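**Q** Quick one: the structure is below, questions incoming.
The values are calculated or read from the model by the stated rules, or taken from the named source; none is laboratory data. Given the structure is predicted, the values throughout are model-derived calculations rather than measurements. Note that each Cβ is placed from the backbone with ideal geometry, even for glycine, and that neighbours are counted across all protein chains shown. Surface accessibility is based on the protein's heavy atoms, side chains included, excluding ligands, DNA and RNA. Shrake-Rupley method; radii C 1.70, N 1.55, O 1.52, S 1.80 Å.
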Amino acid sequence: MNRPARALSQGFWTCLGCRQLVPKPPAASCLCPRCGARMHGRIDGSIMLTWALTITGALLLIPANVLPVMTVIYLGSGDPSTIVGGTLELYHNGLWGIALIVFVASVAVPVMKLVGLVLLCLIVQRRWDVSPRQAMRIYRVVNAIGRWSLLDLFMISILVALVDMGAIADVAAGAGSTAFATVVVVTMLAVRAFDPRLIWDVYEEKITAQPGLAQHKSHRENE
Amino acid sequence: MGQESWQGIHGAVSGRSGFTEPAARWKRACHQCDLLFTRAHAPVGQRLLCPRCGATLHRNMDRSVAHTAALSLSGLLLFIPSAALPLLEFSLFSFGAENTLLNGVQALFAAGYLWLASLVLFCSVLAPLGKFLLLAFISWGSAWAGMARPVARALRWYHHLQEWGMLDVYMLGILVALVKMSDLGKMTVEPGLYCFVAMMVVSSAATVSFDAETVWARLARHAKNSGESAPADTGGTQ
């Protein structure tokens, strides 16, 4: 039976800061001898921390979408607009390309990120029967898209300085933007707190319990 | 570059013999799936991918340190005009206002959005600037044996700071603002924006060219030459 060797089961830790392989010390954690970062076999309390940050993000998504993020006043008139409202407005003005970009960055990405994080936590915790490659794909997508949801906030900060002409034209930020900024930061931290190696730990456990699965898997891996 | 090498699988997969392997043979574990490897380094110009989960384990760029030194220095130089010159100008009737990298942050601070302003400041100014400074320090400082400790600390900070630099996202924000406001007034692209775009390109190039393994190998060589107790084995990217 061909089984890949895992660092942890062979008595090694990997430093996540510099990726140095270190023989497992007797303590629960230690400092990396090479870069000095704190090391654990797996990120300490990874799933719990990811859950906490994901739930915080999900709750904050409500004020982020309900409260206005920006008010554009043009020739004395203008309403505060929420994220979805701003996107719809762009769409109705015929700027559907920009509307799509803003929609993806500020509506789809945060929701996808939260859904992805919940799925990852459940895959590890509930031992869902998902192939680890699929789970890794979710992890990588969630990791890669995270930063793009700051797009709308950067745009607001540009417009606030740029369009400042008193009664004629003015752009002001709204309370929703603070909530939205926090959602982005919290979800980025949540992805960092999640340890993808747990996905493979669960998988290892499963193939130990079901040797047939291991046979199938090692064939695939040797291809 | 771009070619993918899949070495390491022979050493990694045979688990039965894995238990009898001497511990010193293992050089690296995949940081995303914990698979163990014996062959630790990608050949120059190639990437080493994890055969199990596909994570990029090592990207060995040709002349990584020299390129990173040059790119981080040009990034620092480009930062000056990008921050000092206006990026966009918006004019309506006879009124006009300019946008620089910092006055958006100032306006948000003035309006009382402290958290949002700090976040924008950090992601679009401080993190990219810090990244260039750290990379310059790492690539120049790793040439001297005496700098090993501060360079190691800088490497750790770089690792944390790297994902918070968002020049590319800010650039897209500028484009959205440009299109969104163009039917209200007249939007003009100012010279600062060209410097900003150049800085963004240099920043991504510096990220890609930087290879921490090469720097660690350099530090290990210094330690060996000066006869100090060498830090744990880093393999040797020559």
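**Q** Considering only region B:149-165, state which residues are over 22 Å from B:Leu77 (Cβ atoms) and open to solvent by 60 Å² or more (accessible area, probe 1.4 Å).
**A** B:Arg149, B:Arg153, B:Arg156, B:His159, B:His160
**Q** Report, by residue number, each residue of region B:113-148 that is open to solvent by 10 Å² or more (accessible area, probe 1.4 Å), over 24 Å from B:Ala84 (Cα atoms) and within 14 Å of chain A (Cβ to nearest Cβ).
**A** Scanning region B:113-148 gives a single hit, B:Ala148.
**Q** Does any residue of region B:193-212 turn out to be under 30 Å from A:Tyr74 (Cα atoms) and within 13 Å of another protein chain (Cβ to nearest Cβ)?
**A** Among the residues of region B:193-212, at least one is under 30 Å from A:Tyr74 (Cα atoms) and within 13 Å of another protein chain (Cβ to nearest Cβ), which makes the answer yes.
**Q** Could you count how many residues in region B:40-85 are under 16 Å from the mean Cα position of the chain (by Cα), surrounded by fewer than 18 Cβ atoms within 10 Å (Cβ to Cβ) and within 14 Å of chain A (Cβ to nearest Cβ)?
**A** So the answer is 1.
**Q** Which of the residues belonging to region A:8-41 are at negative phi, open to solvent by 30 Å² or more (accessible area, probe 1.4 Å), assigned to a loop (DSSP other than H, G, I, E, B) and facing chain B (nearest Cβ under 10 Å)?
**A** Within region A:8-41, A:Leu8, A:Ser9, A:Gln10, A:Leu16, A:Pro33 qualify.
**Q** Of all residues in region B:166-201, which are hydrophobic (A, V, I, L, M, F, W, C) and open to solvent by less than 20 Å² (accessible area, probe 1.4 Å)? Lay out the reasoning, then the answer.
**A** Taking region B:166-201 first, the residues hydrophobic (A, V, I, L, M, F, W, C) are B:166-167, B:169, B:171-172, B:174-179, B:181, B:184, B:187, B:189, B:193, B:195-201.
If the condition is that a residue be hydrophobic (A, V, I, L, M, F, W, C) and open to solvent by less than 20 Å² (accessible area, probe 1.4 Å), then B:Met166, B:Leu167, B:Val169, B:Ile174, B:Val176, B:Ala177, B:Met181, B:Leu193, B:Phe196, B:Met199 are the ones that fit.
**Q** Which one of these does A:Gly78 not meet: (1) modelled with pLDDT of 85 or more; (2) over 16 Å from A:Met155 (Cα atoms)?
**A** With respect to (1) modelled with pLDDT of 85 or more; (2) over 16 Å from A:Met155 (Cα atoms), A:Gly78 is out only on (1).
**Q** Sticking with this structure for a sec: May I ask you to say which residue of A:Ile83, A:Ile98, A:Ile158, A:Ile55 is at pLDDT 95 or above and of a type in the set (Val, Ile, Thr)?
**A** Working: A:Ile83 fails: at pLDDT 95 or above; A:Ile98 fails: at pLDDT 95 or above; A:Ile158 fails: at pLDDT 95 or above.
Step by step, each of A:Ile83, A:Ile98, A:Ile158, A:Ile55 is checked, and only A:Ile55 is at pLDDT 95 or above and of a type in the set (Val, Ile, Thr).
**Q** Given the residues B:Met199, B:Met181, B:Met166, which is the only one that is aliphatic (A, V, I, L, M) and at pLDDT below 90?
**A** Numbers: B:Met199 fails: at pLDDT below 90; B:Met166 fails: at pLDDT below 90.
Criteria check complete, one pass: B:Met181.
**Q** Return the total of residues in region A:149-194 being under 16 Å from A:Val69 (Cβ atoms), within 7 Å of chain B (Cβ to nearest Cβ), open to solvent by 20 Å² or more (accessible area, probe 1.4 Å) and in contact (Cβ under 8 Å) with a residue 40 or more places away in the chain.
**A** Counting residues in region A:149-194 that are under 16 Å from A:Val69 (Cβ atoms), within 7 Å of chain B (Cβ to nearest Cβ), open to solvent by 20 Å² or more (accessible area, probe 1.4 Å) and in contact (Cβ under 8 Å) with a residue 40 or more places away in the chain gives 1.
**Q** Same structure again: Assuming A:Leu100 fulfils every condition listed in (1) touching a residue at least 24 places away in the same chain (Cβ under 8 Å); (2) within 13 Å of chain B (Cβ to nearest Cβ); (3) open to solvent by 40 Å² or more (accessible area, probe 1.4 Å); (4) in contact with a helix residue (DSSP H, G or I) (Cβ under 9 Å, 6 or more places away or on another chain) apart from one, which condition is it?
**A** For A:Leu100, the failing item is (1).
**Q** Another question, if that's okay. Have a look at A:Leu53, A:Leu90, A:Leu49 and point out the one that is surrounded by 14 or more Cβ atoms within 10 Å (Cβ to Cβ), under 20 Å from B:His31 (Cα atoms) and not polar (S, T, N, Q).
**A** Working: A:Leu53 fails: under 20 Å from B:His31 (Cα atoms); A:Leu90 fails: under 20 Å from B:His31 (Cα atoms).
None of the other options fit; the residue is A:Leu49.
**Q** If A:Gln210 meets every condition in (1) modelled with pLDDT under 90; (2) open to solvent by 10 Å² or more (accessible area, probe 1.4 Å); (3) at the interface with chain B (Cβ under 7 Å from one of its Cβ atoms) apart from one, which number is that one?
**A** (3)
**Q** Step by step: first the residues of region A:133-147, then only those that are touching a residue at least 24 places away in the same chain (Cβ under 8 Å) and surrounded by fewer than 21 Cβ atoms within 10 Å (Cβ to Cβ), then the one that is nearest to the other protein chains (Cβ to nearest Cβ). Which residue is that?
**A** Within region A:133-147, the first condition is being touching a residue at least 24 places away in the same chain (Cβ under 8 Å), and the residues that meet it are A:135-136, A:139, A:141-143, A:145-147.
Cutting the leftovers down to surrounded by fewer than 21 Cβ atoms within 10 Å (Cβ to Cβ) gives us A:141, A:143, A:145, A:147.
Details: A:Val141: 13, A:Asn143: 9, A:Ile145: 11, A:Arg147: 5 Å.
Per the stated criteria, the residue is A:Arg147.
**Q** What number of residues in region B:34-82 are touching a strand residue (DSSP E or B) at 6+ places or on another chain (Cβ under 8 Å), hydrophobic (A, V, I, L, M, F, W, C) and either touching a residue at least 60 places away in the same chain (Cβ under 8 Å) or in a loop (DSSP other than H, G, I, E, B) (or both)?
**A** Adding up the residues that qualify gives 5.
**Q** Mind checking whether some residue in region B:101-124 is closer than 30 Å to A:Leu90 by Cα, of a type in the set (Phe, Trp, Tyr) and in a loop (DSSP other than H, G, I, E, B)?
**A** Here is the first cut: in region B:101-124, the ones closer than 30 Å to A:Leu90 by Cα are B:101-124.
Still in the running and of a type in the set (Phe, Trp, Tyr): B:109, B:113, B:115, B:122.
If we keep only those that are in a loop (DSSP other than H, G, I, E, B) too, we end up with B:113.
Yes, region B:101-124 contains a residue that is closer than 30 Å to A:Leu90 by Cα, of a type in the set (Phe, Trp, Tyr) and in a loop (DSSP other than H, G, I, E, B).
**Q** Which residues, taken from region B:86-105, are within 19 Å of A:Asp152 (Cα to Cα) and facing chain A (nearest Cβ under 7 Å)?
**A** Scanning region B:86-105 gives B:Leu88, B:Phe90, B:Asn99, B:Asn103, B:Gly104, B:Val105.
**Q** Sticking with this one: So, in region B:206-238, of the ones that are acidic (Asp, Glu) and at pLDDT 80 or above, which residue ends up surrounded by the fewest Cβ atoms within 10 Å (Cβ to Cβ)? Outline the logic, then answer.
**A** Filtering region B:206-238 down to residues acidic (Asp, Glu) leaves B:211, B:213, B:228, B:233.
Imposing the further condition that a residue be at pLDDT 80 or above reduces the set to B:211, B:213.
Working: B:Asp211: 22, B:Glu213: 24.
Checking each candidate, the answer is B:Asp211.
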